1. Search segment 131-160 for residues being at pLDDT below 95 and in contact with a Leu (Cβ under 6 Å, 6 or more places away or on another chain), and hand back the single one that is surrounded by the fewest Cβ atoms within 10 Å (Cβ to Cβ).
2. Mind telling me which of the residues Arg105, Arg97, Arg109 ends up being among the charged types (D, E, K, R), modelled with pLDDT of 90 or more and closer than 19 Å to Ala48 by Cα?
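The values are calculated or read from the model by the stated rules, or taken from the named source; none is laboratory data. In this text the structure is predicted, and so the values were computed from the model without any measurement. Because the Cβ atoms are built from the backbone with ideal geometry, glycine has one as well, and the counts that use them run over all protein chains shown.
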Amino acid sequence: MRQPTWTIVAIAAGLVVLIVATTVLVLLVERAGPPQYPPDSPEATVVAFVEALRAADRDQVLALLSSRARAELERREQMEPFYDFDAELRGASESLRTARVRIDRVEVRGGRALVTVTIERTGPALEPSFPFPAVGGGTFSYERTLALVRDGGAWKVDEVAFYF
């Protein structure tokens, strides 16, 4: 009769050790923070661009766009009567608030680069619905590739890409 008691104690002790090890691992990974990239790299430009979008920093977003992308943006503002860059920037900022963006791949060929990022989003745990709230939640992710170009001696985003 004593054998099952020791088995239960051993399983419980194993679970406690597993929980403690997982907690320590998570804390160590979180403490490491995001990866650091060389200042004049395509990766650093993408990180700065995403952060500028997240902060809805118009001047910084424009500074990180190539001259071709800025010209496209100006064309949109002039030719499309309902286009509002500031409204688009606010929407992009709101969209990025709950997203995690991770750089996965970088391909550099001369003065051009393709940076592939993975965007991870988590849905709300409860979604309003009638007559009862629906239990939702969950995480989904997708990839997006940004084109960059050397422009004025620095890496710049070479497309009008605000939504991730």
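1. Checked segment 131-160; the qualifying residue surrounded by the fewest Cβ atoms within 10 Å (Cβ to Cβ) is Pro133.
2. Values: Arg97 fails: modelled with pLDDT of 90 or more; Arg109 fails: closer than 19 Å to Ala48 by Cα.
One residue alone meets the criteria, Arg105.
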